[in-house]
Amino acid sequence: MIAAMRNLPGARRDRGPGDLTLAIASGLAVVAILAMLFLILFEIVHGGAGRISWEFLSTAPRKGGLEGGIWPAIFGTVLLVLVMTIVAAPVGVATAIYLSEYAHQGAPVTRFIRAAVANLAGVPSIVFGLFGVGFFIEAVGGEIDDAVYGGALFYGKPAIIWASLTLALLTLPVVIVATEEALKAIPVDHREGSLALGATKWQTITRVVLPQALPGILTGTILAVSRGAGEVAPILFTGVAYYLPFLPAHPTDQFMSLGYHVFVLATQSPDVNAALPNLYATALALLALTFVLNLTAIVIRARVRARLRS
Amino acid sequence: MARSTASINRLTTARRRRWAEWIAEKAIMMTAMVAIISIILIFLFVGRKAMPVFTNERIRQTANVKEFFTRNGQSPDGKPAFVWQPISERPKYSFIPLIVGTFKATVVAMLVAAPLALLGAIYTTEYAPRRLREYIKPAIELLAGVPSVVLGFFALVVMASWIQKVFYFEMRLNAVVAGVALGLSIIPVVYTVAEDTLAAVPRALREASLALGATRAQTLLRVILPAALPGIFAGVILGFGRAIGETMIVLMASGNAAIVSWNLADSIRTMAATIAAELAEVVYGSAHYHTLFAIGALLFIVTFVINFIGDLIVSRLNARMRGGAE
């Protein structure tokens, strides 16, 4: 059969009858995955776009979120991921620098760090929430209150600072993995050239290696921000609130978030149908935020990879 | 004279710089320990809150290991049964309904995600034109970027109705709805690992097979897939670990009824969703409070072991593939 096909004009030798089946089946799987992604996007854009307006984005919710806008949730989400990034980005980049530039590959410490990073990425987000309660709020916050405020409750309760720190731990692996990939992609020649000219290792890292890795670091940070903006489980008990009459201004304030707003409108609303317009629009706002961030990261990375290849 | 002052100055600057560099390098090494310390702290502080179910006499009266894993109540028809009913005259804390619920959602998720992700990875590495490949991978990454609360919302508001229309389920929210939505969220995890592994199979293997006259399908099924099998398995395992711990999707789309049944049309309540739904309203320091942390600790240990196995397989495989390519 195969021998017969080989003699046909134009038949490719490496294709058999099974190939058509496999190519079609596997192609259909890709189509199915992308179709579902498209359906989700279409449904949420279709259901939410009509409601999006400057007023919706810039005013506070009214009547339990059925009317009014989502400004406090946008503000809370941005502040949350901003504080998170201030912690996660430097720690993540430093860890990646250590792993790529200093660590003895294969040494027990290095293996432990890599294992810890991989496991940190796999810890369920709700467990991060429990950790935030047990460690940040009760242990750290409780200690601060006892030591500084004589036991009065300031830091020992849900607050934006604890939610941000919890998210920082959760997104740390994202920054580490992306940064390390960027560092590894820089040719060893560049480092050796710099060292040969008399630069110290530290000068080589800060002036030769890091500038080249900057787009990669940016990619990792953006992905972390996107991930943090969409997470709800870790902030459930560490600081998010459904409705606040004021914007958070102090580390111990609670905050509103887009993700939690979607969750509450979808599940806790007494009249789900009345909540639908604002629900779709809030989901669209959150989805738009994470998508723009992800697309930016993907484009930056694609450009870096293209440059490295050429 | 002036020259030597300058050179001394230069020397001290150099020394000072060396000091600054030394401190900076030490700081980086310390920072690199944050990941290890975090994992240990998570284990300690979640574990510490779970401990009273083993050690505290008052808590142990209602919440203890025997209570968690044996028939602690009655089903509606009066038979002994596993019951999760934390708010009742005699609180009942059996983990079994939650474990069964988690298992059902996860199995449905794997049935959806594993074949699609694996076939998708095969298409990307074996059949897709190079141009198309450059677009498929980022598109699937975009799916990974959809926040789980948005997937949960989509499952709850839209998908549940579709699935009910197709299968005529009595309950709108059930293991199938939650499982399919969960499957969507882990497709990128399984796909990425499977695709990486397939792409890393040494060219020599592929070319040797083709040179011997095998078709691409034969090469794929008998040479590449067997070589990549551990990696594909690892991808499935990592997806499994992700699905077990995923919270918002199941919290929104599963119906949250703690029922022990193997019927996929029944509502379910998972371990993660139980913590999310109940911790906010629980009395601080109560048996219920510590039981929720015990569920969290169990979840942490299970996912830790699963991820550990998955990563071990991936790193072994990577080492072998590199060895094979030389």
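The values are calculated or read from the model by the stated rules, or taken from the named source; none is laboratory data. Owing to the predicted nature of the structure, the values given are computational and were not obtained by experimental measurement. In this analysis, Cβ positions are derived from the backbone assuming ideal geometry, glycine residues included, and neighbour counts consider all displayed protein chains.
Is there a residue in region B:101-123 that is in the same structural domain as B:LEU229 (by TED's automatic domain parsing), aliphatic (A, V, I, L, M), under 30 Å from B:TYR289 (Cα atoms) and surrounded by fewer than 22 Cβ atoms within 10 Å (Cβ to Cβ)? So far as region B:101-123 goes, yes, one or more of its residues are in the same structural domain as B:LEU229 (by TED's automatic domain parsing), aliphatic (A, V, I, L, M), under 30 Å from B:TYR289 (Cα atoms) and surrounded by fewer than 22 Cβ atoms within 10 Å (Cβ to Cβ). Applying the set (1) assigned to a helix (DSSP H, G or I); (2) crowded, with 21+ Cβ neighbours inside 10 Å to B:VAL146 leaves exactly one unmet item: (1). Do we find a residue being within 14 Å of chain A (Cβ to nearest Cβ), among the β-branched types (Val, Ile, Thr) and either part of a helix (DSSP H, G or I) or touching a strand residue (DSSP E or B) at 6+ places or on another chain (Cβ under 8 Å) (or both) anywhere in region B:60-69? Within region B:60-69 (the criterion being within 14 Å of chain A (Cβ to nearest Cβ), among the β-branched types (Val, Ile, Thr) and either part of a helix (DSSP H, G or I) or touching a strand residue (DSSP E or B) at 6+ places or on another chain (Cβ under 8 Å) (or both)), the answer is no, since none of the residues qualifies.
Checking each residue in region A:267-283 for being at the interface with chain B (Cβ under 9 Å from one of its Cβ atoms) and surrounded by fewer than 24 Cβ atoms within 10 Å (Cβ to Cβ) picks out A:THR267, A:VAL272, A:LEU276. As for region A:94-108, it holds at least one residue that is more than 25 Å from the chain's Cα centre (by Cα), assigned to a helix (DSSP H, G or I) and either surrounded by fewer than 18 Cβ atoms within 10 Å (Cβ to Cβ) or not acidic (Asp, Glu) (or both).
If you filter region B:70-86 down to residues that are touching a residue at least 24 places away in the same chain (Cβ under 8 Å) and in a loop (DSSP other than H, G, I, E, B), you find that the one that is farthest from B:ARG269 (Cα to Cα) is B:THR70. When region A:111-145 is filtered for residues that are more than 7 Å from chain B (Cβ to nearest Cβ), over 24 Å from the mean Cα position of the chain (by Cα), closer than 21 Å to A:ALA233 by Cβ and hydrophobic (A, V, I, L, M, F, W, C), only A:VAL140 remains. If we keep just the residues of region A:201-247 that are part of a helix (DSSP H, G or I) and polar (S, T, N, Q), which is nearest to the other protein chains (Cβ to nearest Cβ)? Residue satisfying both the conditions and the ranking: A:SER226. Kindly evaluate A:THR204 against the criterion of being in contact with a Leu (Cβ under 8 Å, 6 or more places away or on another chain), at pLDDT below 95, under 30 Å from B:ALA32 (Cβ atoms) and hydroxyl-bearing (Ser, Thr, Tyr). In short, yes. Within region B:180-214, the set of residues being free of Cβ contacts under 8 Å to residues at least 40 places away in the same chain and either more than 30 Å from B:MET110 (Cα to Cα) or touching a His at 6+ places or on another chain (Cβ under 8 Å) (or both) comprises B:GLU207, B:ALA208, B:SER209, B:LEU210, B:ALA211, B:LEU212, B:GLY213, B:ALA214.
Checking the structure you have, find out if any residue of region B:79-87 is surrounded by 18 or more Cβ atoms within 10 Å (Cβ to Cβ), over 30 Å from A:GLY142 (Cβ atoms), of a type outside the set (Phe, Trp, Tyr) and touching an Asp or Glu at 6+ places or on another chain (Cβ under 8 Å). No, region B:79-87 contains no residue that is surrounded by 18 or more Cβ atoms within 10 Å (Cβ to Cβ), over 30 Å from A:GLY142 (Cβ atoms), of a type outside the set (Phe, Trp, Tyr) and touching an Asp or Glu at 6+ places or on another chain (Cβ under 8 Å). Checking B:VAL149, B:VAL166, B:VAL158 one by one, the residue that is closer than 30 Å to A:ASN273 by Cα and touching a residue at least 60 places away in the same chain (Cβ under 8 Å) is B:VAL149 and no other.
Regarding region A:15-28, can at least one residue be identified that is surrounded by 14 or more Cβ atoms within 10 Å (Cβ to Cβ), at pLDDT 80 or above and more than 7 Å from chain B (Cβ to nearest Cβ)? Yes: region A:15-28 contains one or more residues that are surrounded by 14 or more Cβ atoms within 10 Å (Cβ to Cβ), at pLDDT 80 or above and more than 7 Å from chain B (Cβ to nearest Cβ). Is it true that B:LEU229 is under 30 Å from B:ALA50 (Cβ atoms) and either in contact (Cβ under 8 Å) with a residue 24 or more places away in the chain or surrounded by fewer than 24 Cβ atoms within 10 Å (Cβ to Cβ) (or both)? When the stated conditions are applied, B:LEU229 does not pass them. Number of residues in region B:40-50 that are free of Cβ contacts under 8 Å to residues at least 12 places away in the same chain and either farther than 14 Å from A:GLY134 by Cα or more than 7 Å from every other protein chain (Cβ to nearest Cβ) (or both) equals 2.
Report, by residue number, each residue of region B:20-39 that is of a type in the set (Gly, Ala, Ser), surrounded by fewer than 20 Cβ atoms within 10 Å (Cβ to Cβ) and at the interface with another protein chain (Cβ under 7 Å from one of its Cβ atoms). Once the filter is applied, which keeps residues that are of a type in the set (Gly, Ala, Ser), surrounded by fewer than 20 Cβ atoms within 10 Å (Cβ to Cβ) and at the interface with another protein chain (Cβ under 7 Å from one of its Cβ atoms), region B:20-39 yields only B:ALA24. For region B:274-288, filtering for residues that are free of Cβ contacts under 8 Å to residues at least 40 places away in the same chain and either part of a helix (DSSP H, G or I) or within 14 Å of the chain's Cα centre (by Cα) (or both) leaves 6.
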